[in-house]
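Report on one structure; see the data block that follows.
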Ligand code: RI2
């Protein structure tokens with residue numbers, strides 16, 4: 001199995017997961033190929049395989065397309081590798097910037113509900129704690145892969161009092177635990193501010209709206225989809241039903257993501273600052289320029 005096969009498999013199997021981490025894994029793989037002297041033809045083949053690994057996080061194709069763009073520009077041997085190294089540093093720095101900005105949004109004494117496992121959200125909560133804010137966390141388990149267990153362990157290890165709940169307990173526990181804010185990550189942000197995130201996010205957003213609790217998304221611009229300006233949407237990944245269970249004679253559906261309408265999102269925290277969800281178009285235009293991806 002080639003290096004690219006291995007990385008694509010690790011993304012598809014969710015051994016490597018999280019919208020940023022899968023993008024970083026793919027760019028690192030392409031950088032290794034460049035360092036081994038791979039030409040543009042081999043890079044394009046690798047890019048196609050990596051992008052196909054998971055369909056719902058635009059961060060993956062955005063990062064891979066940008067890496068290919070740098071490779072095509074290659075002015076002299078070694079430049080691409082340096083530029084890819086800089087891109088990886090930028091990806092890592094963006095989470096630091098979002099954590100800094102996001103921590104300011106969190107108030108001392110807040111109880112925050114999270115969904116699934118987002119490194120972006122975890123960093124925001126840890127930063128707020130580091131700044132001395134006494135916060136509590138309520139984590140959903142995020143069936144069927146239970147990524148919420150990772151979030152709960154990470155936040156508890158950061159000395160944030162943490163409660164784990166089952167996904168279907170959200171509406172009840174928003175009230176019971178007097179949750180002040182909901183903060184979730186994102187896999188894709190569309191031009192109209194609608195957000196693709198772990199399945200169940202849309203129901204949590206509607207529950208929060210009903211109870212007057214702010215629903216906040218934390219996503220760097222890598223997760224914004226310029227192609228959606230041209231109407232190109234991402235596919236909602238359906239995973240193996242066996243991840244849920246097997247019942248003879250029963251069809252089982254296992255969508256891994258859903259779409260939360262912008263109207264249910266109070267604002268989006270990005271590394272460029274906080275924007276209303278409906279401002280996604282202007283941020284994309286600034287960040288990606290008028291040159292829309294084909
Ligand atoms: P960060 C995850 O998907 C969750 O939907 C999470 O909110 C999103 O990626 C963003 O994660 P999965 O990989 O980039 O668990 O914030 O299917 O870490």
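The table for this structure:
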quantity: Fully extended contour minus Cα-Cα distance, from residue 261 to residue 42, at 0.36 nm per residue; calculated: 74.9 nm
quantity: Hydrodynamic radius of region 80-149 per Kirkwood, over alpha carbon pairs, in Å; calculated: 13.4 Å
quantity: Among beta bridges that DSSP assigns inside the chain, antiparallel share in %, nearest 5; calculated: 35 percent
quantity: Theoretical gain in end-to-end length, residue 96 to residue 250 [0.36 nm per residue, Cα-Cα removed]; calculated: 50.9 nm
quantity: Kirkwood estimate for region 1-47, i.e. one over the average of 1/r between Cα atoms, Å; calculated: 10.8 Å
quantity: Percent RCO, i.e. relative contact order, over region 221-294, from Cα pairs under 8 Å lying at least 6 residues apart; calculated: 36 percent
quantity: Label-point gap, in nm, between residue 13 and residue 76 - each point 7 angstrom along Cα→Cβ; calculated: 4.2 nm
quantity: At 0.890 mPa s and 25 °C, Stokes diffusion of region 30-125 via Kirkwood alpha-carbon radius, µm² per second; calculated: 158 µm²/s
quantity: Segment residue 52-residue 286, extension gain: residue separation times 0.36 nm, minus the distance between their alpha carbons; calculated: 81.5 nm
quantity: Stokes-Einstein D (µm²/s) once Rh is taken as the Kirkwood radius of region 131-272 over alpha-carbon pairs, at 20 °C in 1.002 mPa s; calculated: 131 µm²/s
quantity: Cα-Cα separations in region 197-262 greater than 16 Å, expressed as whole percent; calculated: 63 percent
quantity: In degrees, nearest ten, helix 59-72 long axis to first principal axis of the chain (Cα); calculated: 20 degrees
quantity: The chain: angle of helix 119-130 to the longest principal axis, Cα-based, in degrees nearest 10; calculated: 60 degrees
quantity: DSSP bridge pairs, region 143-294: antiparallel proportion in percent, nearest 5; calculated: 60 percent
quantity: Estimated FRET transfer efficiency (residue 163, residue 86; beta-carbon r; R0 35 Å; 0.05); calculated: 0.30
quantity: Nearest 10 degrees, 0 to 90: helix 147-157 Cα axis against the chain principal axis; calculated: 70 degrees
quantity: Centre separation in Å (Cα based) which lies between region 67-135 and region 3-43; calculated: 19 Å
quantity: Translational diffusion of the chain, µm² s⁻¹ [Kirkwood Rh, Cα pairs; Stokes-Einstein; 10 °C; 1.306 mPa s]; calculated: 81 µm²/s
quantity: Tail beyond 14 Å, pair distance distribution of region 48-103 (Cα, percent); calculated: 64 percent
quantity: Region 169-294: relative contact order in percent, alpha carbon pairs under 8 Å with at least 6 residues between; calculated: 33 percent
quantity: All-pairs alpha carbon distance profile, region 75-209, 5 Å steps from 0, percent; calculated: 2, 10, 19, 20, 19, 13, 7, 4, 3, 2, 1, 0, 0
quantity: CD proxy at 222 nm, helix term only [per DSSP H run n ≥ 4: -39500 (n - 2.57); per residue of the chain; nearest 500]; calculated: -14000 deg cm²/dmol
quantity: Cα gyration tensor shape for region 142-211, rounded if a/c is under 1.5, else prolate or oblate; calculated: oblate
quantity: Over the chain, relative contact order from alpha-carbon pairs under 8 Å, at least 6 apart, %; calculated: 17 percent
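Laboratory data are not the source of any read-out in this text; all were calculated from the coordinates shown. Everything numeric in this text was worked out from a predicted model, so none of it was measured. Virtual Cβ from ideal backbone geometry, glycine too; neighbours counted across all protein chains shown.
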